[in-house]
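In what follows, a single structure is set out as structure tokens and then discussed.
The values are calculated or read from the model by the stated rules, or taken from the named source; none is laboratory data. The structure presented is a predicted model; accordingly, all values stated were derived computationally and were not measured. Glycine gets a Cβ as well: all are built from the backbone with ideal geometry, and neighbour counts include every protein chain shown.
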Amino acid sequence: MKVCGVEINSNDVNLCLLSLSDEIFELPDCRSRRLTLTDINSTRELRYFQQTFAKLMQDYKVEKVVIRQRPMKGKFAGGAVGFKLEAAIELISDLDVIIMSTTDIKETLKRNPVHIPFAETGLKGYQETAFNTAFAYFMKDMYAPDEE
């Protein structure tokens, strides 16, 4: 299975493809690590962003997109542009998109830490949150704590 972890930061969408096969993780090459909405007030630009994202997911045969949830209010609240980008991704037909809370991501990574240093993945620093989101998605159900 191949997923795309997504972190939305202002008008940037940071991406990380991660696949799991026979309990082995792989980081497939991807032609884009970040997509940016250049004109936040242009419907045409937003549609172009949506089409670009959809084509990228189709080309790499991504089965699920996992977006890291952002707070709606408070000090670290996501901005309006980020929510526009999130909606544009969620509205792509034939794309399975889920939103994963930061609490779920943190708890999953605490129970199932990544076994190699991030620097050794070959990813860019700005992709770390997207990578953690994809990794946590895989680990959440696979290695969930025992129910008592």
Per the list (1) surrounded by fewer than 12 Cβ atoms within 10 Å (Cβ to Cβ); (2) of a type in the set (Phe, Trp, Tyr); (3) at pLDDT 95 or above, residue check on residue 60 breaks on (1)
Taking the range 87-136 as the search range and keeping residues that are touching an Asp or Glu at 6+ places or on another chain (Cβ under 6 Å) and either under 19 Å from residue 25 (Cβ atoms) or surrounded by fewer than 13 Cβ atoms within 10 Å (Cβ to Cβ) (or both), which one is modelled with the lowest pLDDT? 118
For the structure I just gave you, tell me whether residue 35 is free of Cβ contacts under 8 Å to residues at least 24 places away in the same chain and in contact with a Ser or Thr (Cβ under 7 Å, 6 or more places away or on another chain). yes
Going through the range 2-25 in order, the residues found to be within 20 Å of residue 116 (Cβ to Cβ), more than 11 Å from the chain's Cα centre (by Cα) and either of a type outside the set (D, E, K, R) or at pLDDT below 95 (or both) are 19, 20, 21, 22, 23, 24, 25
